[in-house]
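J.: Dropping the structure in here first, questions after.
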Ligand SMILES: [Zn+2]
Ligand SMILES: [Zn+2]
């Protein structure tokens, strides 16, 4: 494996909110010369069998993965990546197994969240049709901002801000909690399948990052394996801090672009379009955990 070759350990496909199919992602990874690729869709592993199949014979080493939204025991939420080297995607996709059942529950709750918010608004005397909300979403994943726009269009509120302050924000009467796994459940689910739990884009978490070292340290005894250190929106200081924390806690170092296949993804898959790129040498320890004893070459 060329130590300077690009890798991408965080990519989304059409199985969640990405624009490219798993097969198309693998194809373009091969074209871009990626040494390793992980597809990590939000709360689903359904795209993994297709990607595994497409990767055969391409020279791109494929790691099945998933990105879970979790509630933190210390408050707030985070994204947790689970990597499953050596696990067959079909095993991960088994809907009757713990992971499959947990993911199905999370997705079902997400699908019913907006109708439940609309129901609460109706009870409060501000009825909306679901179609009005869908119109504002314009095909995007429907969320509270679209409900706010529909409330505004009806004249129930003067601004979208007011819609949140009066109805939609946490603690307000039409708020519905987003169903997420708890951190310990998610860590256990990943580990029970032999997977590696990695904290995704730690630099994007709430707050100014001062609590981050404490959070990382609290997750280590619960089974955290690594940190996503290299990420397009991480500053040089964040990267340095995360490298320090990883070294101190004995955590693996990973990296990826969070590519969704849209034009805004300026980094491109593997960061091959711009200044940001994750190289084999930067995530060497992680790749060894995934693929055994890889040999690094200079060329
Ligand atoms: Zn994320
Ligand atoms: Zn992501």
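J.: Does residue 106 count as within 16 Å of ligand 1 (Cβ to nearest atom) and not in a helix (DSSP H, G or I)? Let's see the steps before the verdict.
T.: Values: within 16 Å of ligand 1 (Cβ to nearest atom): yes; not in a helix (DSSP H, G or I): no.
Spelling it out, it is not the case that residue 106 is within 16 Å of ligand 1 (Cβ to nearest atom) and not in a helix (DSSP H, G or I).
J.: Right, next: Test each condition in (1) modelled with pLDDT of 95 or more; (2) over 22 Å from residue 44 (Cα atoms) for residue 223 and report the one that comes out false.
T.: So the condition that residue 223 fails would be (2).
J.: Among (1) crowded, with 24+ Cβ neighbours inside 10 Å; (2) modelled with pLDDT under 95, which single condition is residue 72 missing?
T.: (1)
J.: Considering every residue within the range 169-177, establish whether at least one is more than 23 Å from residue 109 (Cα to Cα) and out of contact with any strand residue (DSSP E or B) (no Cβ under 8 Å at 6 or more places or on another chain).
T.: Within the range 169-177, the first condition is being more than 23 Å from residue 109 (Cα to Cα), and the residues that meet it are none.
The answer is no, given that none of the residues of the range 169-177 is more than 23 Å from residue 109 (Cα to Cα) and out of contact with any strand residue (DSSP E or B) (no Cβ under 8 Å at 6 or more places or on another chain).
J.: Something else about it: Quick one: is residue 52 more than 14 Å from the chain's Cα centre (by Cα) and either at pLDDT 95 or above or not assigned by TED's automatic domain parsing to the domain that holds residue 287 (or both)?
T.: Values: more than 14 Å from the chain's Cα centre (by Cα): yes; either at pLDDT 95 or above or not assigned by TED's automatic domain parsing to the domain that holds residue 287 (or both): yes.
So residue 52 fits the description; yes.
J.: In the range 169-197, what residues are on the phi > 0 side of the Ramachandran plot and either in contact (Cβ under 8 Å) with a residue 12 or more places away in the chain or not in a loop (DSSP other than H, G, I, E, B) (or both)?
T.: Step one: filter the range 169-197 for residues on the phi > 0 side of the Ramachandran plot, giving 171, 194.
Scanning the range 169-197 gives a single hit, 194.
J.: Same structure, new question: Here is a check on your reading of the model: is residue 261 part of a helix (DSSP H, G or I), within 16 Å of ligand 2 (Cβ to nearest atom), touching a residue at least 60 places away in the same chain (Cβ under 8 Å) and within 19 Å of residue 62 (Cβ to Cβ)?
T.: On the way: part of a helix (DSSP H, G or I): no; within 16 Å of ligand 2 (Cβ to nearest atom): yes; touching a residue at least 60 places away in the same chain (Cβ under 8 Å): yes; within 19 Å of residue 62 (Cβ to Cβ): yes.
Judged against the criteria, residue 261 is not a match.
Results for (1) within 15 Å of ligand 2 (Cβ to nearest atom); (2) more than 30 Å from residue 211 (Cα to Cα), shown as yes or no for each residue.
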residue: 43; (1), (2): yes, no
residue: 46; (1), (2): no, yes
residue: 50; (1), (2): no, yes
residue: 53; (1), (2): no, yes
residue: 69; (1), (2): yes, no
residue: 74; (1), (2): no, no
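J.: Among the residues of the range 76-92, what is the count of those that are out of contact with any strand residue (DSSP E or B) (no Cβ under 6 Å at 6 or more places or on another chain) and within 16 Å of ligand 2 (Cβ to nearest atom)?
T.: So the count comes out to 0.
For every residue, the table says whether it meets (1) in contact with a strand residue (DSSP E or B) (Cβ under 9 Å, 6 or more places away or on another chain); (2) at pLDDT below 95; (3) more than 21 Å from residue 5 (Cβ to Cβ).
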position	(1), (2), (3)
244	no, no, yes
254	yes, no, no
269	yes, yes, no
282	yes, no, no
292	no, yes, no
299	yes, yes, no
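J.: In the range 246-264, how many residues are in contact with a helix residue (DSSP H, G or I) (Cβ under 8 Å, 6 or more places away or on another chain) and surrounded by fewer than 18 Cβ atoms within 10 Å (Cβ to Cβ)? Break it down stepwise before answering.
T.: Initial filter on the range 246-264 (in contact with a helix residue (DSSP H, G or I) (Cβ under 8 Å, 6 or more places away or on another chain)): 249, 251-255, 257, 259, 261.
In the following step, the residues that additionally are surrounded by fewer than 18 Cβ atoms within 10 Å (Cβ to Cβ) were identified as 249.
Qualifying residue count, the range 246-264: 1.
J.: Any idea how many residues of the range 210-227 are touching a helix residue (DSSP H, G or I) at 6+ places or on another chain (Cβ under 7 Å), more than 24 Å from residue 97 (Cα to Cα) and not in a helix (DSSP H, G or I)?
T.: 3
J.: Restricted to the range 144-171, and to residues that are surrounded by fewer than 17 Cβ atoms within 10 Å (Cβ to Cβ) and under 17 Å from residue 113 (Cα atoms), which residue is farthest from the chain's Cα centre (by Cα)?
T.: My answer is 171.
J.: Residue check, residue 7 against (1) within 16 Å of ligand 2 (Cβ to nearest atom); (2) over 18 Å from residue 268 (Cα atoms); (3) in contact with a helix residue (DSSP H, G or I) (Cβ under 7 Å, 6 or more places away or on another chain), all met but one. Which one?
T.: Of everything listed in (1) within 16 Å of ligand 2 (Cβ to nearest atom); (2) over 18 Å from residue 268 (Cα atoms); (3) in contact with a helix residue (DSSP H, G or I) (Cβ under 7 Å, 6 or more places away or on another chain), residue 7 misses just condition (2).
J.: Same structure again: Quick check: anything in the range 224-235 within 14 Å of ligand 1 (Cβ to nearest atom), farther than 24 Å from residue 88 by Cα and surrounded by fewer than 16 Cβ atoms within 10 Å (Cβ to Cβ)?
T.: Taking every residue of the range 224-235 in turn, at least one turns out to be within 14 Å of ligand 1 (Cβ to nearest atom), farther than 24 Å from residue 88 by Cα and surrounded by fewer than 16 Cβ atoms within 10 Å (Cβ to Cβ).
The values are calculated or read from the model by the stated rules, or taken from the named source; none is laboratory data. Nothing here was measured: the structure is a model prediction, and the numbers come from that model. As a convention, Cβ positions derive from the backbone with ideal geometry for all residues, glycine included, and neighbour counts pool all protein chains shown.
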